[in-house]
Amino acid sequence: MELFFSVLIGLAGVVAIWYPLIRGRSAAGPGVRETALDLMELERKRDLTYSAIKEIDFDHEMSKLSGEDYRQLRRRYEEEAVAILEEIDRIKGEEAGRPGKPAIPLCPGCGLQVRAGDSFCSNCGLKLSSLCPGCGKEVKEKSKFCGHCGHALARA
């Protein structure tokens, strides 16, 4: 009888460990960590795509690319950038729609994610004191609460 219960507990442990791996990530939906990693990867791809567009613009200006090659490459990179931006918007929309989870605060100057309470953007240096730490939206300087999410604002 003890052997039966030991085997049963062992099987339950194996199932508990292997079930999430077998069913895959899409069955339960991505977790917060996976979503943040996906967002970071998409933002990296966005930046690389923007760099590629700038590079082909420069190459075209320097007569290194023919007009037809330039148009084809530019169109392809623009389509890729649009797809990436749409995916970023979809993920951010899902994040904002989660109950109890505020939207990710973003710098209005460069779009980089900022931490709640930061005074300046670490990427572009824009002053962020007029952003709500809860939702990242702009708030009036003397407001006590955010008009978008109701978050209490600490004012000195």
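Spin-label model, Glu80/Phe145: points 7 Å from Cα along the beta carbon direction are separated by 4.7 nm.
In the complete set of protein chains, residue-level accessible area for Leu3 is approximately 130 Å², probe 1.4 angstrom.
Take the Cα of Leu11, step 7 Å toward its Cβ, do the same at Ser51, and the gap between the two points is 5.4 nm.
Leaving ligands and nucleic acids out of the surface, order Ile88, Ile9 by accessible area at 1.4 Å, largest first.
On the way: Ile88 5, Ile9 125 Å².
Output order, biggest surface exposure first: Ile9, Ile88.
The values are calculated or read from the model by the stated rules, or taken from the named source; none is laboratory data. Since this is a predicted model, take the numbers as computed values, not measurements. Note that each Cβ is placed from the backbone with ideal geometry, even for glycine, and that neighbours are counted across all protein chains shown. With ligands, DNA and RNA removed, areas are computed over all heavy atoms of the protein, side chains included. Shrake-Rupley method; radii C 1.70, N 1.55, O 1.52, S 1.80 Å.
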